[in-house]
Amino acid sequence: MATSTTARCVFLGAPGAGKGTQAKQVAEHFAAAGSPIAHLSTGDMLRAEVKSGSELGVAAKGYMDKGQLVPDQLIIDMVKARIQQPDAAAAWILDGFPRTLPQAEALDENLSGDQALTHVISFSIPEEVLVGRLSGRRTCGKCGAIWHVENRPTKVEGICDTCGGELVQRSDDRPEAIGKRLEVYRTQTAPLLAYYGDRGVLREIDADRSPDVVFQELLERMQ
Ligand code: AMP
């Protein structure tokens, strides 16, 4: 089994490519192996801020509901603070960040020499597959487990198999927002493939396969 204590990874990919599902599973795997790696999802952090009604949450909600990106400076400050928490001292996976060139540059500036990124993994998948994945995705409101009405259904419709919590559809997984999110990915995030490709740290993974197959390959890549 792969274990690592110093991985500092970025998972790059369009919404629905499976970054969150995989990052969660990878974090569980390393925790079980006694070598924890923090899963830092900017989407999850923002949803928690929205739920708590914080100033940041109030500022972010309008952008998120429309499928737009939250302004760079708000996100950069949030990630800088999160990455300094003790649980992220040794190893982390950034899921959903960076999403723009200024965010990638800010991340580079924040990581001093021996802290540089160890892996940037690009989840590649055709856009038509993403629409089906996003529109059928359901998330447990209690434990955050991710399900899909067709590809990964729960035993009882609407109820999480893991904790019995109620499943909800994210407001930005509704059709109105999906198109906008994919366009934002194409125009603002996809240029990061060249940014990291030029540095030789980018590894591509075919994400249009079953989650288990993708997971096994990810572990190999992260060794
Ligand atoms: P996600 O769960 O990663 O799909 O993120 C959900 C939403 O949160 C996105 O559609 C954006 O509105 C916002 N968001 C998450 N990460 C970022 C980021 N790095 N930059 C700007 N907005 C973000």
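Take the conditions assigned to a strand (DSSP E or B) and open to solvent by less than 50 Å² (accessible area, probe 1.4 Å) and apply them to VAL129. Does it pass? No.
Only one of the listed residues (LEU46, LEU56, LEU69) is near the ligand (Cβ under 8 Å from one of its atoms), in contact (Cβ under 8 Å) with a residue 12 or more places away in the chain and open to solvent by 30 Å² or more (accessible area, probe 1.4 Å). That residue is LEU69.
If we scan the stretch 88-108, do we find a residue that is of a type in the set (A, V, I, L, M), more than 23 Å from GLY16 (Cβ to Cβ), away from the ligand (no atom under 13 Å from the Cβ) and buried (at least 18 other Cβ atoms within 10 Å of the Cβ)? Yes, there is a match, as at least one residue in the stretch 88-108 is of a type in the set (A, V, I, L, M), more than 23 Å from GLY16 (Cβ to Cβ), away from the ligand (no atom under 13 Å from the Cβ) and buried (at least 18 other Cβ atoms within 10 Å of the Cβ). Of all the numbered requirements in (1) within 16 Å of PHE11 (Cβ to Cβ); (2) of a type outside the set (Asp, Glu); (3) open to solvent by less than 30 Å² (accessible area, probe 1.4 Å); (4) away from the ligand (no atom under 15 Å from the Cβ), THR118 misses one, and that requirement is (3). Identify all residues within the stretch 84-99 that are part of a loop (DSSP other than H, G, I, E, B) and either over 18 Å from LEU12 (Cβ atoms) or in contact with a Lys or Arg (Cβ under 8 Å, 6 or more places away or on another chain) (or both); write none if there are none. GLN84, GLN85, ALA89, ALA90, ALA91, GLY96 - these are the residues of the stretch 84-99 that are part of a loop (DSSP other than H, G, I, E, B) and either over 18 Å from LEU12 (Cβ atoms) or in contact with a Lys or Arg (Cβ under 8 Å, 6 or more places away or on another chain) (or both).
Which one is least open to solvent (accessible area, probe 1.4 Å) among residues in the stretch 72-87 that are in contact (Cβ under 8 Å) with a residue 12 or more places away in the chain and among the charged types (D, E, K, R)? It would help to see each step written out before you state the result.
First, the residues of the stretch 72-87 that are in contact (Cβ under 8 Å) with a residue 12 or more places away in the chain: 72, 74-76, 78-80, 82-83, 85, 87.
Of the ones still in play, those that are also among the charged types (D, E, K, R) are 72, 80, 82, 87.
Working: ASP72: 45, LYS80: 77, ARG82: 62, ASP87: 85 Å².
Once the filter is applied, the top-ranked residue is ASP72.
Scanning the stretch 23-43 for residues that are within 12 Å of the ligand (Cβ to nearest atom) and of a type in the set (A, V, I, L, M, F, W, C) gives ALA23, LEU40.
The values are calculated or read from the model by the stated rules, or taken from the named source; none is laboratory data. Bear in mind that the values here come from a model prediction, so they are computed numbers and not experimental data. So basically every Cβ, Gly included, is an ideal-geometry build from the backbone, and we count neighbours across all protein chains shown. The protein model used for the area step is the full one, side chains on, heavy atoms only, and it has no ligands, DNA or RNA in it. Shrake-Rupley method; radii C 1.70, N 1.55, O 1.52, S 1.80 Å.
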